[in-house]
Amino acid sequence: MPCYRIALIGRASKGIANPRAALSAAMMCRRLGGQHKDPLAAAAAHRIEAAVGKALQDPKARTPDIGGAATTRAAGDAVIKACQAEEIEWTSRSFVT
């Protein structure tokens, strides 16, 4: 991954990097959902992926590296807004064993 790190050096603290961490979180939730047979984790993965897809439909929410002009914060805010708009019912549950 050294090339990836080098590519990010020029973007540090400029607010222009694509916030792909949301998709990494979705992959982690999907793995946990499958590994532990946890429907909430699987639902979280679906919700995150759907929110990223919905946010990227708006050209104003795209960062420069994917053809837009949005800052990292604006792109992240668009994903959060789309995630909050998703109609997936959540239940509270304790993960402490």
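The values are calculated or read from the model by the stated rules, or taken from the named source; none is laboratory data. Just so we're clear, the structure is a prediction, and the values are computed from it rather than from any experiment. When we count neighbours, we look across all protein chains shown, and the Cβ atoms used for this are built from the backbone with ideal geometry, even at glycine.
Here are the numbers:
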read-out	value
Neighbours by Cβ (under 8 Å, 6+ apart or cross-chain): first from the range 17-43, under 26 Å from residue 77 (Cβ atoms) and β-branched (Val, Ile, Thr); second modelled with pLDDT of 90 or more and in a loop (DSSP other than H, G, I, E, B)	none
Complete set of residues in the range 63-85 that are touching a residue at least 24 places away in the same chain (Cβ under 8 Å) and part of a loop (DSSP other than H, G, I, E, B)	63, 71
Complete set of residues in the range 44-56 that are surrounded by fewer than 18 Cβ atoms within 10 Å (Cβ to Cβ) and either farther than 25 Å from residue 15 by Cα or basic (Lys, Arg) (or both)	46, 54
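Every residue, every condition in (1) surrounded by 13 or more Cβ atoms within 10 Å (Cβ to Cβ); (2) at pLDDT below 90, yes or no:
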{"position": "20", "(1), (2)": "yes, yes"}
{"position": "31", "(1), (2)": "yes, no"}
{"position": "34", "(1), (2)": "no, yes"}
{"position": "58", "(1), (2)": "yes, no"}
{"position": "70", "(1), (2)": "yes, no"}
{"position": "74", "(1), (2)": "yes, no"}
{"position": "77", "(1), (2)": "yes, no"}
{"position": "96", "(1), (2)": "no, yes"}
